Amino acid sequence: MDTRKLTLIDDGRVVETTANFDDAGIRLAPADLMAALGWTLKDEGLCKDDACVPVRDRGDRVNAAGVDLQAFADLLGRPLAIEAEAGLAVLGASADARGAQLASQVAPDFALPDLEGKMHTLWEHRGKKVLLVAYASW
Amino acid sequence: MITVALDKSPEDVRPFIERAQPSHPSLIDSEHRVADLYSIINVSTVIWIDAEGKIVRPNAIEYGSNLFQQFHGLDAGPHLDALRAWVRDGRLPPEADDVRARQMLPTADEQLARTEFSLAWHLHGRGRSEAAERHFVRAGELAPFDWAIRRGSMPIRGQNPMGPEFFELFKEWESAGKPDYRSEAARRNAPA
């Protein structure tokens, strides 16, 4: 096992943390998990704010080296992509979360740059109708 | 109007934007953030959002003109007429009553594909092209008819988006019955 830096992208947010890497995957110590993602390991399971997800059969999911990142993503139903050698992992949004947002018909906000690097958000156009067009040079 | 370019860098679209001199925000989304948030699988995708921030016409492939009609077979006219009626007179098309039935909500595989794409994009940005390639391939396997992933990754991977890989993808898509938002929404929303 080796302990080194992990860059974790949590639904678009870049977080730098420390993790334990071995052949089976990537583990985060509970304190790092809390600092990086806001989830606390308690007797009742993994908790954030008022919500807890029970962790049955902790066996491999939680050990002395920390919480297995893939098990964590699976418990939350979120997609995870890992390139351990590069110290990089992306924790995406679940289909349920994205689907519920779209089904609510509330247009999700985003912030993106223009050619000059100036940031624009969708919600700064509230009060006006918006035609959102996604295109590409390809 | 807000336009979002799903291109690998601002330089890829700079000539188009500078020629068009748009008065609307013309944004660059290299990481495909908007594609992820809105489940965008191809271009050009249009979404109507009203003044309260509500989606009143979900993802649809529409074109601004009939320049490439010969290729894609879609007439830009009906959408442009409907758009004018909405903007000028506040008139929504009848299908606005049932937006939910016309929405193609993402699957778990599609969200994993977007996550793999994001990882690949970040790896590419760090000069790890070989690792990036593996994750681009994985993303494409998970969402085979997501053009934003499959064709959108071609320029990043040094492939020609008008070249052999594109024609191969087109054939694959054609033999699968040309799945798009409309057909996928109908299929996914059908009672089991």
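The values are calculated or read from the model by the stated rules, or taken from the named source; none is laboratory data. Please read all numbers here as calculations on a predicted model, not as lab measurements. Cβ: placed from backbone, ideal geometry, glycine included. Neighbour counts: every protein chain shown.
Among the residues of the stretch B:45-58, is any buried (at least 16 other Cβ atoms within 10 Å of the Cβ) and either more than 19 Å from the chain's Cα centre (by Cα) or more than 10 Å from chain A (Cβ to nearest Cβ) (or both)?
At the first step, the residues of the stretch B:45-58 found to be buried (at least 16 other Cβ atoms within 10 Å of the Cβ) are B:45-50, B:53, B:55-58.
Now restrict to residues that are either more than 19 Å from the chain's Cα centre (by Cα) or more than 10 Å from chain A (Cβ to nearest Cβ) (or both): B:50, B:53.
Within the stretch B:45-58, one or more residues are buried (at least 16 other Cβ atoms within 10 Å of the Cβ) and either more than 19 Å from the chain's Cα centre (by Cα) or more than 10 Å from chain A (Cβ to nearest Cβ) (or both).
Set side by side, the residues A:69, A:88 differ, and just one is under 22 Å from the mean Cα position of the chain (by Cα), modelled with pLDDT of 95 or more, over 27 Å from residue B:13 (Cα atoms) and facing chain B (nearest Cβ under 7 Å), which is A:88. Any residue at all in the stretch B:111-127 that's within 21 Å of residue A:104 (Cβ to Cβ) and of a type outside the set (Gly, Ala, Ser)? Yes, that holds for at least one residue. Being basic (Lys, Arg) and within 12 Å of chain B (Cβ to nearest Cβ) holds for only one residue in A:78, A:61, and it is A:78. Of the conditions (1) of a type outside the set (Asp, Glu); (2) within 14 Å of chain B (Cβ to nearest Cβ); (3) without any contact (Cβ under 8 Å) to a residue 60 or more places away in the chain, residue A:38 clears all except one; give me its number. If we test residue A:38 against (1) of a type outside the set (Asp, Glu); (2) within 14 Å of chain B (Cβ to nearest Cβ); (3) without any contact (Cβ under 8 Å) to a residue 60 or more places away in the chain, just (2) comes out false.
Residues in the stretch B:93-111 that are at pLDDT 95 or above and either over 22 Å from the mean Cα position of the chain (by Cα) or surrounded by 22 or more Cβ atoms within 10 Å (Cβ to Cβ) (or both): B:104, B:106, B:110, B:111.
Among the listed residues A:132, A:46, identify the single one that is surrounded by 19 or more Cβ atoms within 10 Å (Cβ to Cβ) and facing chain B (nearest Cβ under 8 Å).
Values: A:46 fails: facing chain B (nearest Cβ under 8 Å).
Being surrounded by 19 or more Cβ atoms within 10 Å (Cβ to Cβ) and facing chain B (nearest Cβ under 8 Å) holds for just one of A:132, A:46, which is A:132.
Those strands (runs of 3 or more DSSP E) of the stretch B:25-131 in which 2 or more residues are outside the structural domain of residue B:184 (by TED's automatic domain parsing), free of Cβ contacts under 8 Å to residues at least 60 places away in the same chain and small (Gly, Ala, Ser) are absent. Strands (runs of 3 or more DSSP E) fully within the stretch A:1-117 that include at least 1 residues being among the polar types (S, T, N, Q) and within 30 Å of residue A:129 (Cβ to Cβ): none found.
Can you tell me how many residues in the stretch B:1-34 are more than 7 Å from every other protein chain (Cβ to nearest Cβ) and either closer than 24 Å to residue B:57 by Cβ or of a type in the set (Phe, Trp, Tyr) (or both)?
First, pick out the residues of the stretch B:1-34 that are more than 7 Å from every other protein chain (Cβ to nearest Cβ): B:8-9, B:11, B:15, B:18-24, B:30-32.
Filter once more, keeping what is either closer than 24 Å to residue B:57 by Cβ or of a type in the set (Phe, Trp, Tyr) (or both): B:20, B:22-24, B:32.
Counting residues in the stretch B:1-34 that are more than 7 Å from every other protein chain (Cβ to nearest Cβ) and either closer than 24 Å to residue B:57 by Cβ or of a type in the set (Phe, Trp, Tyr) (or both) gives 5.
Look at the stretch A:99-122: where a residue is on the phi > 0 side of the Ramachandran plot and a partner is part of a helix (DSSP H, G or I), sitting 6+ places away or on another chain with Cβ atoms under 9 Å, you get A:105/B:100; A:117/B:10.
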